[in-house]
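Novice: Below is the structure I would like to discuss, written out as structure tokens.
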Amino acid sequence: MKNQTWIKLTFALAVPLGLALTATADDAIPGTLPPAADKQGVTYAGDIKPIFDNSCVKCHSGDKPKGRLKLDSLAGALKGGKDGKVIRAGDSAKSPLILNVAHATKDDDDWMPPLHNRAHIGPLTPEQIGLIRAWIDQGAK
């Protein structure tokens, strides 16, 4: 019960200050996640890096990545950013990365890529999200 009170207090203080919070499974909109792909043996290097290179690394790489989250390497993706880990290996449905790229949260400030971004990057396709889900569910290797 104390944790719930702390979370509510943190949220109540963070929102007016404009601080970003990482999406959690509690923030998910039911039924909005595409299913994980059926492909077996999904790897970061062979399957996920090309998606991230196309849609994520413009903002999430370099010396000053947004949210201190680097997605240009497996190590960076697994490390997470200023709000903590974004990948829960073995559980894509609770991984903040999936909730954000699937636009499956109530707060569109968490959506990635953002709807109106300077690079004009569109949202990931359900197939891309499904592949990322499969990668995470298979251990995020």
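Novice: Please identify the trypsin sites (Lys or Arg not before Pro) of segment 57-129 that satisfy two criteria: DSSP loop assignment and at most 12 other Cβ atoms within 10 Å. Which are they?
Specialist: Details: sites: K58, K66, R68, K70, K79, K82, K85, R88, K94, K106, R118; in loops: K58, K70, K82, K85, R88, K106, R118.
Counting only loop positions with at most 12 other Cβ atoms within 10 Å, the trypsin sites (Lys or Arg not before Pro) in segment 57-129 are K82, K106, R118.
Novice: If amide H atoms are built 1.01 Å from N in the plane of the peptide, which residues on other chains or at least 5 residues away come under 5 Å of the amide H of G81?
Specialist: Here the answer is V86, since their amide H atoms fall under 5 Å of that of G81.
Novice: Over 21 Å between Cα atoms, which of K79/K141; K58/K82; K49/K70; K79/K106; K49/K79; K64/K141 qualify?
Specialist: On the way: K79/K141 13 Å; K58/K82 18 Å; K49/K70 12 Å; K79/K106 25 Å; K49/K79 15 Å; K64/K141 25 Å.
Too far apart for the 21 Å limit: K79/K106; K64/K141.
Novice: What aspartates and glutamates could a cross-link reach from K39, if we take a straight Cα to Cα line under 15 Å and drop same-chain neighbours fewer than 8 places away?
Specialist: In chain and number order, the partners are D47, E127, D137.
Novice: Dividing the convex hull volume of the alpha carbon atoms of segment 20-137 by its residue count, what do you get in Å³ per residue? Could you put the intermediate results ahead of the total?
Specialist: Values: hull volume 11.2 nm³, N = 118.
Residue-normalised Cα hull volume stands at 95 Å³.
Novice: Using the number of other C-beta atoms within 10 angstrom as an exposure proxy, rank L99, L33 with the fewest first.
Specialist: Numbers: L99 27, L33 20.
Starting with the residue having the fewest Cβ neighbours, the order is L33, L99.
FYI, it's all coordinate maths here, none of it is from the lab. None of the values given here were measured: they were computed from a predicted structure. Cβ: placed from backbone, ideal geometry, glycine included. Neighbour counts: every protein chain shown.
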